[in-house]
Amino acid sequence: MNILTLETTCDETAAAVVTDRLEVLASVVASQDELHERFGGVVPEIASRAQLERILPVIHQTLEQAGLSLDDLSAVAVANTPGLAGSLLVGLVAAKMLCVAQTIPLIAVNHLQAHIYACRLATWDDVFPCVGLIVSGGHTSLYRCEDPLRFELLGATIDDAAGEAFDKVATMLGLPYPGGPSIQRAAERGNPDAYPFPRALMKDEDRLDFSFSGLKTAVRYTIAGPDRTDFTNIKLTERQVADMAASFQEAVVDCLVDKAFAALRQTGLRVLCVGGGVAANTRLRRRLSEEANRRNVQLHIAPTRLCTDNAVMGAIAVERLRAGLTEDLDLDVYPGVVRTKMPVTAPPGWTRRVR
Ligand code: KG4
Ligand code: ZN
């Protein structure tokens, strides 16, 4: 069985073909980094227009890479939540069109669940039940993942996502977009103890939420003081940039590691899965694996190529297809993360623990 998976939640246009045995026959990712670079972040209107231009060529290229035609497809899966509304719609409409044309089932994929499922793809073992940590440009959240169909939100960022903080701080330091990889590079030459940046909510052990906006402000004040909003005339030395990058990265990593292991303690689970763009960060990967060894926790971090947005992780659709969870053609997009049980609009598989 061949499933075409589409991923257009933000600024990557991606398609893949996976089989029901989780073999990857093709994968194509068209990135828009060059379009958003000068803004220091993703501009939604530009993102959705570029999705529209790229979706059909990307699907075409993916089928060509797999050596398949449309007639060889058994189903089409599409990420319909969460993400930018305009971008999500492009993928959804393309998926519906293919399902109508080929008379094959439509499968809905939750983008965040897919980020966690990227860990499952890198191992022959089952990874469920586990704690899932998703760290990306738009999300930083912890889930109790009972199985590939049941995810319960344990905590999330109350302001910025970790990746967003990486991108914004990189801009302040004059480093190129996307900020995550450039901060990581600069941090290699820096001292992580040089600046005592804050670790928000870490003392509140029961709480599994994150907050990165105070950290971002602390970097800003360190660079320019509280009254300046413009950084253009501030010249930082290479050492200052490296030390600030390393100190900022260490503060983010401290918070992520601390809360992930707090979630394991609170849930009693012994498996941790980590996905999303920021999971590509080498310092985070090293710290997680040291901590997992120390605490005898089974750790699965998505392979670097499956951390940033891609359609291969949409292979979670195989689990939904196996469970008979296909969608009607009136399926909609859900841009926000659904936090409560909402019978009509909630994407399947999402519940929020009432606190
Ligand atoms: O998962 P993703 O591709 O998109 C979203 O779903 O948001 O994540 C993109 C984010 C960006 O903020 C980028 O700066 C960050 O992941 N990122 C990194 C690294 N590589 C990408 N952050 C830290 N270290 C990295 N090596
Ligand atoms: Zn993502």
GNM on the chain, Cα springs under 10 Å; top mean-square fluctuation among Ser48, Ser136, Ser74 goes to Ser74
For the chain, compute the orientation-averaged projected area of the C-alpha convex hull (one quarter of its surface), in nm².
17.6
Can you give me the pair-distance distribution of segment 126-306, C-alpha pairs, 5 Å bins, whole percents?
1, 9, 18, 21, 20, 14, 9, 5, 3, 1, 0
Any chance you could run the full-extension gain for Trp124 through Glu64? It's 0.36 nm times the residue separation minus the Cα-Cα distance, nm to one decimal.
18.8 nm
In sequence order, what are the phi-derived ³J(HN,Hα) couplings for segment 316-324 according to the Karplus relation 6.51 cos²θ - 1.76 cosθ + 1.60 with θ = phi - 60°, rounded to whole Hz, with x for glycine and proline?
4, 4, 4, 5, 5, 4, 4, 7, x
Neighbourhood net charge (13 Å Cβ-Cβ; Lys/Arg +1, Asp/Glu -1) for Leu35:
-4
Label-point gap, in nm, between Ile158 and Leu56 - each point 7 angstrom along Cα→Cβ
4.8
Under 12 Å, Cβ to Cβ, from Leu22 - net charge with Lys/Arg +1 and Asp/Glu -1
-1
When the chain is treated as a Gaussian network with springs between alpha carbons less than 10 Å apart, the largest mean-square fluctuation among Ala95, Ala194, Ala75 is found at Ala194
Check which residues have an amide H placed less than 5 Å from Ile301's amide H, if you skip close sequence neighbours.
Val274
Kirkwood Rh and Cα-based Rg: tell me the resulting Rg over Rh for segment 34-100, rounded to two decimals.
1.03
Select from Ile59, Ile116, Ile46 the residue whose mean-square fluctuation is largest in a Gaussian network model of the chain (Cα-Cα springs shorter than 10 Å).
Ile46
Distance (nanometres) between label positions extended 7 Å along Cα→Cβ at Asp204 and Ser289:
3.3
Assuming R0 = 30 Å, what is the FRET efficiency of Thr237 and Glu34, from their Cβ-Cβ distance, to the nearest 0.05?
0.55
Sequence order, segment 101-116: Karplus ³J(HN,Hα) from phi using 6.51 cos²θ - 1.76 cosθ + 1.60, θ = phi - 60°, Hz rounded, Gly and Pro as x, gives 5, 9, 6, 10, x, 9, 10, 8, 10, 8, 4, 6, 4, 5, 4, 6
Please turn the phi angles of segment 149-156 into ³J(HN,Hα) values with the Karplus equation 6.51 cos²θ - 1.76 cosθ + 1.60 (θ = phi - 60°), one per residue in order, whole Hz, x for glycine and proline.
10, 10, 10, 10, 5, 9, x, 7
Could you pull out every residue, at least 5 positions away or on a different chain, whose amide H is within less than 5 Å of the one on Thr157? Hs are placed 1.01 Å off N in the peptide plane, and Pro or chain starts have none.
Thr140, Phe210
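We did not get these values from a lab; they are worked out from the coordinates using the rules stated. Treat the numbers as computed from the prediction; the structure is a model and nothing was measured. As a convention, Cβ positions derive from the backbone with ideal geometry for all residues, glycine included, and neighbour counts pool all protein chains shown.
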